[in-house]
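Down below is the structure, laid out as structure tokens.
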Amino acid sequence: MPMRAMASYLRALHTHSGPGLAPLPLKACSEALGLDGLALLLAREGSTPELVQSFGERTGALEDLQFTQGHGPSRDAAADGALLLMPDLGDATGFAAVRWPGLPYAVEELGVAAVFAFPLRIGVIALGALTGHRTTPGPLGTDQLAGAFALADTLSQVVITLSARPLPSSGLLLDETCLHFAEVHQATGMLAAQLKIPCAQALIRLRAYAYSHNRRLLSCARDVIQYRLDLDDKGA
């Protein structure tokens, strides 16, 4: 069960002194839940959810795609506290196709057939989301679903506890060094300065370029940072 792996993690937490969360046993939890990958996203109040830890070869690409399109199960679960269980993204009449037009097909292109997003919350406080996926369609079993709920609840307790600690490292759950998309934020800042536009507009321009060119957002960000990609009015 995933909680066995989490129990060992919780016992070791007090020895962790680095920034952010200590590495979570997401591989063991994913395998116990019958998933091919897991993503942990955290969000400050009112901010965009950030991918901080993950397991699975398709997980990064799945979260990159949602970041690029600006919507998806991870974002909704983190922002709205919505439980989103989509056992078959190939169903053209399903919930996902209606809620996020264009996203299910793109997710299937990654080889992902099912997505399950669990909100991380303490009461009315939204903390983030735990999103799992499978490469084959089908619902989670009763035991798997119960395990996922228990894991999400435990992670919520861990996050809120670490966030409240008065130690210098404990408040850095969203430190830039821990963020999967840190380079996207760096590239956004560079574009904002170069183009003399607000950061929000710079991020939209970067996302639009990635979407229109069918590229990963993180790859485009790295090209901007390395001056290989010019997104001014002539170069975009």
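For region 11-28, which residues satisfy the criterion of being surrounded by fewer than 15 Cβ atoms within 10 Å (Cβ to Cβ) and modelled with pLDDT under 75?
R11, A12, L13, H14, T15, S17, G18
Inspect all residues belonging to region 29-44 and state whether any of them is more than 17 Å from S156 (Cβ to Cβ), among the acidic types (D, E) and modelled with pLDDT under 95.
The answer is yes; a qualifying residue exists.
Based on what the data block shows, is A187 open to solvent by less than 10 Å² (accessible area, probe 1.4 Å), more than 21 Å from A77 (Cα to Cα) and modelled with pLDDT of 90 or more? Walk me through it before giving the result.
Details: open to solvent by less than 10 Å² (accessible area, probe 1.4 Å): yes; more than 21 Å from A77 (Cα to Cα): yes; modelled with pLDDT of 90 or more: yes.
When the stated conditions are applied, A187 passes them.
Output the residue which, of all residues in region 108-125 that are part of a loop (DSSP other than H, G, I, E, B), among the hydrophobic types (A, V, I, L, M, F, W, C) and more than 16 Å from the chain's Cα centre (by Cα), is modelled with the lowest pLDDT. Step through it out loud before you land on a result.
Step one: filter region 108-125 for residues part of a loop (DSSP other than H, G, I, E, B), giving 110-113, 123-124.
Cutting the leftovers down to among the hydrophobic types (A, V, I, L, M, F, W, C) gives us 110, 112-113, 124.
Now narrow it down to the ones that are more than 16 Å from the chain's Cα centre (by Cα): 113, 124.
Working: A113: 96, V124: 83.
The residue in question is V124.
Mind checking which residues of region 209-236 are open to solvent by less than 50 Å² (accessible area, probe 1.4 Å) and assigned to a helix (DSSP H, G or I)?
Residues of region 209-236 open to solvent by less than 50 Å² (accessible area, probe 1.4 Å): 209-210, 217-221, 223-225, 229, 231-232, 235.
Answer for region 209-236, where residues must be open to solvent by less than 50 Å² (accessible area, probe 1.4 Å) and assigned to a helix (DSSP H, G or I): Y209, A210, L217, L218, S219, C220, A221, D223, V224, I225.
For every residue, the table says whether it meets (1) in contact with a strand residue (DSSP E or B) (Cβ under 7 Å, 6 or more places away or on another chain); (2) assigned to a strand (DSSP E or B); (3) open to solvent by less than 10 Å² (accessible area, probe 1.4 Å); (4) under 20 Å from R207 (Cα atoms).
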position: S74; (1), (2), (3), (4): yes, no, yes, yes
position: A79; (1), (2), (3), (4): yes, no, no, yes
position: A82; (1), (2), (3), (4): yes, no, no, no
position: D91; (1), (2), (3), (4): no, no, no, no
position: A106; (1), (2), (3), (4): no, no, no, yes
position: L127; (1), (2), (3), (4): yes, yes, no, no
position: Q144; (1), (2), (3), (4): no, no, no, no
position: G147; (1), (2), (3), (4): no, no, yes, no
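When you scan region 28-59, how many residues do you find that are in contact with a His (Cβ under 8 Å, 6 or more places away or on another chain), part of a loop (DSSP other than H, G, I, E, B) and not aliphatic (A, V, I, L, M)?
Adding up the residues that qualify gives 3.
Scan A182, A164 and give me the residue that is out of contact with any Phe, Trp or Tyr (no Cβ under 6 Å at 6 or more places or on another chain), open to solvent by 70 Å² or more (accessible area, probe 1.4 Å) and at pLDDT below 90. Break it down into steps so the answer makes sense when it comes.
Values: A182 fails: open to solvent by 70 Å² or more (accessible area, probe 1.4 Å).
Testing whether each residue is out of contact with any Phe, Trp or Tyr (no Cβ under 6 Å at 6 or more places or on another chain), open to solvent by 70 Å² or more (accessible area, probe 1.4 Å) and at pLDDT below 90 leaves just A164.
The values are calculated or read from the model by the stated rules, or taken from the named source; none is laboratory data. Keep in mind it's a predicted model, so treat the numbers as computed, not measured. So basically every Cβ, Gly included, is an ideal-geometry build from the backbone, and we count neighbours across all protein chains shown. Accessible surface areas use protein heavy atoms only, side chains included; no ligands, DNA or RNA. Shrake-Rupley method; radii C 1.70, N 1.55, O 1.52, S 1.80 Å.
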